[in-house]
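For reference, the structure discussed in these notes is given below.
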Amino acid sequence: MNKNEFIDRVSDMAGINKAEATRAVDAVFDAITEALRRGDDVRLVGFGTFSAAKRAAREGRNPRTGETIQIPASIQPKFSAGKGLKDALN
């Protein structure tokens, strides 16, 4: 499911038009992104937790040449599924 299909589904399930659904979906994504940018976790009980994890700088290898390269430190988004989501899938 891509973003447009997701918006269509939200629109149908919530009984709102696509423009409102688009604004709602974008607002949720923006709120999660902003919270992670500030260093906060986003815990949605029964669904899961979004968090940001710091990765230290490290050495890697270019797979084509075998040359050693420096990989800079970065912050990576993480998602951990909650019990409700896991139970819904199993």
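Rule-based calculations on the coordinates, nothing more; no lab input. Source: prediction; values computed, not measured. Here Cβ is always computed from backbone atoms with ideal geometry, including for glycine, and neighbour counts include all displayed protein chains.
Any chance you could give the angle, 0 to 90 degrees and rounded to 10, that helix 18-38 forms with the longest Cα principal axis of the chain? The two axes meet at around 40 degrees. By the count of neighbouring beta-carbon atoms within 10 Å, fewest first, S80, S11 end up ordered S80, S11. Against the chain, whose longest principal axis comes from its Cα atoms, helix 3-14 is set at around 30 degrees. Each of A24, G60, M1 was placed along the dipole of the chain (beta-carbon charges, centred on the mean Cα), and the one lying farthest toward the positive end is G60. How would region 41-90 be classified by its alpha-carbon gyration tensor: rounded, prolate or oblate, with rounded meaning a/c under 1.5 and the a/b versus b/c comparison settling the rest? The shape class here is oblate.
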